[in-house]
Each structure stands twice: as structure tokens, then as C-alpha cells.
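*Asks:* What follows is a structure written as C-alpha cells; I'll ask about it next.
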Amino acid sequence: MSSADEVVLGLFPLGLVLLPREVVPLHIFEERYKLLVQERLGGGEFGIVLADDGVLRECGCGARVVELLEELDDGSMNILVQGERRFRLLELRPPADPEADYLSGLIDYYDDEEPEAPTELSAGLLEVFRTMLLLMDVVAPKEPAGDGPLSFRVAAAFDFGAALKQELLESLSEAQRLETLLRVMEALLPQLKLRKEREEAIRGNGKGY
């Protein structure tokens, strides 16, 4: 990375992971984060970083406010944000008053070193993904909409948990991400099938065994 890729970004530590192009709702109530969001309602980004047991992870994702859903009388807000580019945190820059102002950091953006994946791997992942959704009673499941890497679109469409999403965020290989997701999804299938069978048994005879 060149120095041109290094910028200072306001940071929002959270217990969640935002992926590129993923849209998530946020409720903003702390004064310092109200300030962070208010400054960017007209444009610009802030960074969402996973706070894991009070420790910030090195990699995060830029976030852009795409909709202000509601602003309450106390100034708190419900917003929708969309993930932008991934970044590495190079240096933390704490505010003079942590209660009134937000944390910032010197970051640099990064992209995949291996952005392409074998077609058969993508197809296999989508087949397992559709099977999962059918077991969850989703009618006519489809490939997750949108642009960007398939791995991020699939990971944003199902709650895989923060730890796995952070692993995907940090990966520089689309094929590696797809393989990771495929392994996790295949491991989930037996549980989903068992739950489906129990639900059908309950509907059929009122018993879950």
C-alpha cells in the first residue's frame, strides 16, 4: 500500500462485523456516536471494527449511512449503513475526551490478492446454500442479490456469527472464503434436517419424537 491509501477514519467499535456491500440497521444512542453519524449524514464514511472482549480487531469495514430511518427526541437515531471497503487499522488515535468524542484511527484500505474462484466451487456453495434455505422453509431460494464477491453476499444473508464473518473479512482470497463457508454450511445441514424432521413430526402428530 502507498501512503495515498492511508487515511484517518472515525471508528465505531461494535460487537458485530460489517462486510462490503452488506446493509445493517444500527441504533445510535451514545453522544460520541451521535456526533460520528451526524457528521456523515450528508456523505462520507466511518469505520466499523469488531470489539472482541474489549480489544479492537485489526481489520474493519468502512460504513456509509444509506438511510436515516428515525431520529428520536433525545437525538438517538435508527439508521441503515452499507459496508464499503475493508481496511487495516494502523494506529489508534484516542480523543481528548472519550465520553464526548469518538475514537479515530489511521487506516489503509485493502483488496483481495486472489479475487477469482473456480466456477465449480461457487456453484457448489450455492447448491448447499439453497438446500439450507429450503430446510428453513424459504420458498424458491435464490442466489443472494447484489454485486461484489459471492462469499460476502452469502455471509450477509445468514447469521454465521461475528467470529466467522471476521475471518472472512480478513481473508484475501475469494476461493478461501468460499471453502470456509462451504465447510461451515455443510456442517450445519444435519442440524437443519433434524429440526425440519421434528417440525414435520409435530405438525403431523403433535409429538416431537
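*Asks:* Specify the inter-centroid distance of region 72-96 and region 1-55, based on alpha-carbon positions, in whole Å.
*Replies:* Computed from Cα coordinates, the inter-centre distance equals 2 Å.
*Asks:* At a Förster radius of 25 Å, what calculated FRET efficiency corresponds to the Cβ-Cβ distance of Phe29 and Asp53, to the nearest 0.05? If you can, show how the numbers build up before the last one.
*Replies:* Numbers: r = 22 Å, r/R0 = 0.89.
Once the sixth-power term is evaluated, E becomes 0.65.
*Asks:* Here's something else I'd like to know. Tally the DSSP beta bridges in the chain and give the antiparallel ones as a percent, rounded to 5.
*Replies:* In the chain, DSSP labels about 85 percent of beta bridges as antiparallel.
*Asks:* Same structure, new question: Which longest uninterrupted range of the chain lacks any trypsin sites (Lys or Arg not before Pro) assigned by DSSP to a loop state (not H, G, I, E or B) and surrounded by at most 11 other Cβ atoms within 10 Å?
*Replies:* Within the chain, the longest run free of exposed trypsin sites (Lys or Arg not before Pro) spans 1-141.
*Asks:* Considering only Val81, Val138, Val154, give the residue with the highest GNM mean-square fluctuation for the chain, with springs between Cα atoms whenever their separation is below 10 Å.
*Replies:* Comparing Val81, Val138, Val154 in the GNM, the peak value goes to Val138.
*Asks:* Take Val49, Val128, Val23 and order them by how many other Cβ atoms sit within 10 Å, fewest up front.
*Replies:* Ranking Val49, Val128, Val23 by Cβ neighbours within 10 Å, fewest first, gives Val23, Val128, Val49.
*Asks:* Among Pro25, Pro13, Pro118, determine the one that fluctuates most according to a GNM of the chain built with springs between C-alpha atoms less than 10 Å apart.
*Replies:* Answer for the Gaussian network model of the chain: Pro118.
*Asks:* If all Cα-Cα distances of the chain are sorted into 5 Å bins from 0 onward, what percent lands in each bin, rounded to whole numbers?
*Replies:* The percentages, shortest bin first, are 1, 7, 13, 16, 16, 14, 11, 9, 7, 4, 2, 1, 0, 0.
*Asks:* Moving on to the next point. Can you compute the FRET efficiency between Glu71 and Arg198 using 1/(1 + (r/R0)^6), with r the Cβ-Cβ distance and R0 = 41 Å? Round to the nearest 0.05.
*Replies:* 0.40
*Asks:* Continuing with this model, one more query. Who wins for biggest fluctuation among Ala155, Ala187, Ala63 in a Gaussian network model of the chain, springs between alpha carbons below 10 Å?
*Replies:* Most flexible of the set in this elastic network: Ala187.
*Asks:* Now a separate question. Taking other Cβ within 10 Å of each residue's Cβ, how do Asp97, Asp53 sort, fewest first?
*Replies:* Working: Asp97 8, Asp53 5.
The fewest-first ordering by Cβ neighbours comes to Asp53, Asp97.
*Asks:* So how much slack lies between Asp159 and Lys142, counting 0.36 nm per residue of separation and subtracting their Cα-Cα distance, in nm?
*Replies:* Full extension of this stretch gives 4.4 nm more.
*Asks:* Same structure again: Please order Tyr109, Tyr102 by the number of other Cβ within 10 Å, starting at the fewest.
*Replies:* Numbers: Tyr109 15, Tyr102 21.
Ordered from fewest to most neighbouring Cβ atoms within 10 Å, Tyr109, Tyr102 come out as Tyr109, Tyr102.
*Asks:* Next question. Please report, ordered by residue number, every helix of the chain (full DSSP H runs) that is 18 Å or longer along its axis going by C-alpha atoms and whose mean Kyte-Doolittle hydropathy reaches 1.0.
*Replies:* Long hydrophobic helices here: 119-135.
*Asks:* Could you tell me what a quarter of the Cα convex hull surface of region 1-88 works out to, in nm² with one decimal place?
*Replies:* Mean projected area of the Cα convex hull: 5.9 nm².
Quick note: the coordinates plus some simple rules give every number you see, no bench work behind them. Computed from a predicted model, the values in this text were never measured in an experiment. Because the Cβ atoms are built from the backbone with ideal geometry, glycine has one as well, and the counts that use them run over all protein chains shown.
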